[in-house]
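**Q** Below is the structure I would like to discuss, written out as structure tokens.
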Amino acid sequence: MADARIAKPITGIGIRPDDRFVLPMCGKHHRAQHAAGNERQFWQVECGIDPVIYALALYSVTGDFSAGTAIIQAALRLQR
């Protein structure tokens with residue numbers, strides 16, 4: 001999904017997003033994201049997070065397992 005806050009362009013079929021905007025997902029949640037129809041709503045309502053912020057945060061700590069785990073745990077705490 002596009003995000004004007006950081007000039008992230010729209011992506012879709014045949015247009016791969018830059019790695020810094022990608023969040024890892026299991027197959028179940030990937031299918032749920034597509035089934036929801038509205039990506040932004042899926043992330044905000046179903047997951048309770050801003051996916052762009054978390055993707056950028058994870059990208060910024062690439063290679064640092066402990067820092068990545070801390071970011072994911074923070075996101076999980078927000079879901080509760």
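**Q** Can you tell me which residues in the stretch 44-63 are acidic (Asp, Glu) and in a loop (DSSP other than H, G, I, E, B)? Steps first, please.
**A** Residues of the stretch 44-63 that are acidic (Asp, Glu), as a first pass: 46, 50.
The answer is Asp50, and nothing else.
**Q** Pairs please, first residue from the stretch 47-66 and touching a residue at least 12 places away in the same chain (Cβ under 8 Å), second anywhere and in a loop (DSSP other than H, G, I, E, B) and surrounded by fewer than 17 Cβ atoms within 10 Å (Cβ to Cβ), Cβ atoms under 7 Å, 6+ apart in sequence or on different chains.
**A** Ala55/Val22
**Q** Here is a check on your reading of the model: is Asp3 at pLDDT below 85 and surrounded by 14 or more Cβ atoms within 10 Å (Cβ to Cβ)? Let's see the steps before the verdict.
**A** Values: at pLDDT below 85: yes; surrounded by 14 or more Cβ atoms within 10 Å (Cβ to Cβ): yes.
For Asp3, the condition - at pLDDT below 85 and surrounded by 14 or more Cβ atoms within 10 Å (Cβ to Cβ) - is met.
**Q** Continuing with the same structure: Just the residues that are among the acidic types (Asp, Glu) and assigned to a loop (DSSP other than H, G, I, E, B), please, taken from the stretch 4-40.
**A** Going residue by residue through the stretch 4-40, those that are among the acidic types (Asp, Glu) are 18-19, 39.
Correct list: Asp18 only.
**Q** Continuing with the same structure: Sort out which residues of the stretch 25-59 are of a type in the set (Gly, Ala, Ser) and either under 20 Å from Ile71 (Cβ atoms) or surrounded by 14 or more Cβ atoms within 10 Å (Cβ to Cβ) (or both), and write them in order of number.
**A** Passing the criteria: Ala32, Ala36, Gly48, Ala55, Ala57.
The values are calculated or read from the model by the stated rules, or taken from the named source; none is laboratory data. This one's a predicted model, so the numbers in the text were calculated from it and none came from an experiment. Backbone-built Cβ (ideal geometry, glycine too); neighbour counts: all protein chains shown.
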